[in-house]
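Any read-out appearing in this document is the output of simple, stated calculations on the displayed coordinates, not a laboratory observation. Since the structure is predicted, the reported quantities are computational estimates derived from the model, not experimental observations. Here the Cβ is made from the backbone with ideal geometry for all residues, glycine too, and neighbour counts use every protein chain on show.
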Amino acid sequence: MARKRTTVSAEIIQNREIAPLHFLMTLRLPPTFHPPYPGQFVMIRAENRQPPLLGRPFSVYDFYHDKKALALELLYRVVGQGTRIFSLLPQGEKLEILGPLGRGFKIDGRRRKLILIAGGMGVAPLSFLASYVRRRGAGSSFEIVSYVGARTASYLAGLDKLETMCSKTFISTDDGSLGYHGKVIELFEDHLKTCHGDMPAVYTCGPYPMIRQLADILRGCSGFCQVSMEERMACGIGACLGCAIPIRNKDNRQLYKRVCKDGPVFDIRDLAWR
Amino acid sequence: MDKSRKFSPKMAVNIGGVALKNPIMTASGTFGYGEEFTPYVDLNRLGAIIVKGISLKPRRGNLPPRIMETASGMLNAVGLENVGVDAFIKEKMPFLRDHDATVIVNIFGETIEEYQKVAKKLDRIDGVCALEINISCPNVKRGGIAFGARPDVASEVARAVKTATRLPVMVKLTPNVTDIVEIAQSVEDAGADAISLINTITGMSVDIEKRIPHLANITGGLSGPAIKPIALRMVWQVVKHVHVPVIGVGGIMDERDALEFFIVGAKAVQVGTANFIHHTATMDILEGLETYLVESGIDDIHDLIGTLREEGEKC
Ligand SMILES: Cc1cc2nc3c(=O)[nH]c(=O)nc-3n(C[C@H](O)[C@H](O)[C@H](O)COP(=O)(O)OP(=O)(O)OC[C@H]3O[C@@H](n4cnc5c(N)ncnc54)[C@H](O)[C@@H]3O)c2cc1C
Ligand SMILES: Cc1cc2nc3c(=O)[nH]c(=O)nc-3n(C[C@H](O)[C@H](O)[C@H](O)COP(=O)(O)O)c2cc1C
Ligand code: FES
């Protein structure tokens, strides 16, 4: 049996700080790389170097054909050792990439209105979802509205690009430095009250407290809301059980699912809260 | 295959009555039940697959977060999540049989009776070649002290499992003890057919901003390159004092790490955390080992095992 290499080697084309502590990394991939779907992620490591020992998961921020090669974009924030090391890697350096991994967002063609709710780096997979929808044949017939929240205005990395793909974009910051002063879910909730009839398709990604707040306000709503979840990972393929999150199954029993394999995208109503 | 290779070295080893085509196995808990790895590894090329630890009833495992990377290693507190022995036999074994894998089942329990029950259930299952008993888990009847922390309890578990099965039994030791040799000897006396070591070393890590532990379970087991020197030292100590085969586990990332274990006397090795980083790690190590033997003119892996020259270079 032909053995697949697990990782491919990708060259860094650019790795630029676009906002304080926020980096946009573009990678050149070999033509064998399977095209990712919105919500899927990759595990990355510096080639032949350590630390970090384990790969780190990042959502696909964009993917396209660039001349003869494939290009993958990641948008990331420096939060610890691994991301700090990645942020220092110069152009031309090689990364080991595993992916695309996981199950992405479901796009229901009958729901023509999409609402994206992003907290912090949650903007990455949602921005790819918007690009993906826009690039498809019927892309222009979709209405995309986004709600984007961050700690402070300078942390709104990725906003410029997302805005161009949305008919409306609402912004919130925790410190009030831009847009609504408060949490992005409060902003969305205000708008939800004015929303009648058919619920649009809601897609979200962000920190746990934000997702929980959203789950609370959507309880009892008929609509469909998919969330991309984050958890620390080791293997990325479902073998280590390190990335478990609590999920409620149909019989209302709580069990653990793997973010890497069963997710990272879940139905928000299936999440179990402590 | 490499055309320059003049001969293929003999890689087969026998571990307490289990004939393995080569001495490379997967460490329990790092390879699931094999399914996730089939795109990357021919399961039947592995010496053996040691599956994720199995208990009598399914276990949900610990709350997240369950893992954290630390210097040259990782902490895990997965909490022995598994499908339980019945589902394992029904849902996982057919797949492993189809792939012609040599399967060793890692088992654990909260009481000695539980170990026995799991062992009994696996006794006549087609395709199961041996059992590996994990004695690193807490003994519920004795205030949660690990079975493997005391020689008398460790040997009690080993003996109980031996009487419950006809399969060869490997006992996997915990390094969280004062005297590893004492424990190894006690399980050998109890009838263990082989001894594997080491399981993870208990550790912890703290988020200094939030002042909370990085793991929900607070403590976790350390694995990866950070533990290799400890694992190697313990294997070296144990091989001098037991007659049964010893299997080295801990921080093996490439064939050079594996070679160190063979040289100190391990008859086989298990690859754990490395599987997470490169899913082909076991195959890379196997091929690397074969190349090393060819290049060194060694035609049987046995000629390498236990060849440490303790007198060193100078003498
Ligand atoms: C499916 C998925 C997609 C992701 N997409 C992106 C993305 O597009 N952009 C981005 O910036 N980040 C993303 N993340 C988070 C990213 O993986 C972590 O920020 C990164 O692994 C941190 O590595 P580190 O070594 O810098 O931090 P560490 O030193 O390991 O940890 C520093 C801090 O970050 C927290 N942390 C570490 N890993 C994670 C994690 N996986 N999820 C949440 N918190 C974590 C730790 O608890 C710790 O407090 C994603 C995570 C997942 C699971
Ligand atoms: C995520 C994870 C899960 C593990 N689960 C088990 C288990 O179920 N039973 C067991 O005996 N050992 C388990 N181990 C321990 C490994 O089998 C091995 O002994 C240890 O990780 C040291 O080897 P390594 O450094 O090569 O990983 C686990 C280790 C890890 C990292
Ligand atoms: S990261 Fe290993 S199971 Fe998800």
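Here are the numbers for the structure shown:
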item: Mean ellipticity per residue at 222 nm, deg cm²/dmol - from DSSP H runs of n ≥ 4 across chain B, formula -39500 (n - 2.57); result: -7500 deg cm²/dmol
item: Other-chain or far-sequence residues with amide H under 5 Å of B:VAL206's (modelled H); result: B:HIS214
item: Stretchable slack from A:LYS168 to A:GLN254, in nm (0.36 nm times residue separation minus alpha-carbon distance); result: 27.2 nm
item: Cα Rg, Dmax (largest Cα-Cα span) when computed across segment A:31-72, Å; result: 12.2, 33
item: Amide H partners (placed H, <5 Å) of A:LEU70, local residues excluded; result: A:LEU29
item: Mean shadow area of segment A:6-101 over all directions, Cα convex hull, nm²; result: 5.8 nm²
item: At q = 0.09, 0.11 Å⁻¹, base-10 log of I(q)/I(0) for segment A:114-239 (Debye sum, equal scatterers on each alpha carbon); result: -0.25, -0.38
item: Cα gyration tensor shape for segment A:138-194, rounded if a/c is under 1.5, else prolate or oblate; result: oblate
item: 3J(HN,Hα) from dihedral phi, segment A:159-165, Karplus parametrisation 6.51/-1.76/1.60, rounded to Hz, x for glycine, proline; result: 5, 3, 5, 4, 3, 5, 9
item: Whole-Å distance, taken between Cα centres, linking segment A:91-106 and segment A:223-274; result: 20 Å
item: Alpha carbon convex hull of segment A:219-263, volume per residue in cubic angstrom; result: 87 Å³
item: At 1.002 mPa s and 20 °C, Stokes diffusion of the protein assembly as shown via Kirkwood alpha-carbon radius, µm² per second; result: 84 µm²/s
item: Rule-of-thumb Rg ratio for chain B [Cα; 2.2 N^0.38 Å; N residues]; result: 0.96
item: Viscosity 1.002 mPa s, temperature 20 °C, Stokes-Einstein D of segment B:35-122 from Kirkwood C-alpha radius, µm²/s; result: 148 µm²/s
item: Selected from A:VAL78, A:VAL42, A:VAL145 as most flexible by GNM, with chain A as the system and alpha-carbon contacts under 10 Å; result: A:VAL78
item: For chain A, calculated [θ]222 nm from helices alone, where every DSSP H run of n ≥ 4 adds -39500 (n - 2.57); result: -5000 deg cm²/dmol
item: Cross-link partners of B:LYS21 among lysines (Cα-Cα below 24 Å; sequence separation of 8 or more within a chain); result: A:LYS4, B:LYS3, B:LYS6, B:LYS10, B:LYS52, B:LYS92, B:LYS172, B:LYS267
item: Residue of A:ALA124, A:ALA138, A:ALA215 that the Gaussian network model of chain A assigns the largest fluctuation, springs spanning Cα pairs under 10 Å; result: A:ALA138
item: Additional length obtainable on full extension of the chain from B:VAL140 to B:ILE263, 0.36 nm per residue less Cα span; result: 40.5 nm
item: Cα gyration tensor of segment B:244-293 - equivalent ellipsoid semi-axes, whole Å, descending; result: 17, 13, 8
item: Efficiency of FRET from Cβ geometry, A:CYS221 and B:GLU182, R₀ 56 Å, rounded to 0.05; result: 0.35
item: Hydrodynamic radius of segment A:109-178 per Kirkwood, over alpha carbon pairs, in Å; result: 12.2 Å
item: Mean shadow area of chain A, taken as a quarter of the surface of its Cα convex hull (nm²); result: 16.0 nm²
item: Pair B:ALA71, B:MET204: separation of 7 Å Cα→Cβ label points (nm); result: 1.9 nm
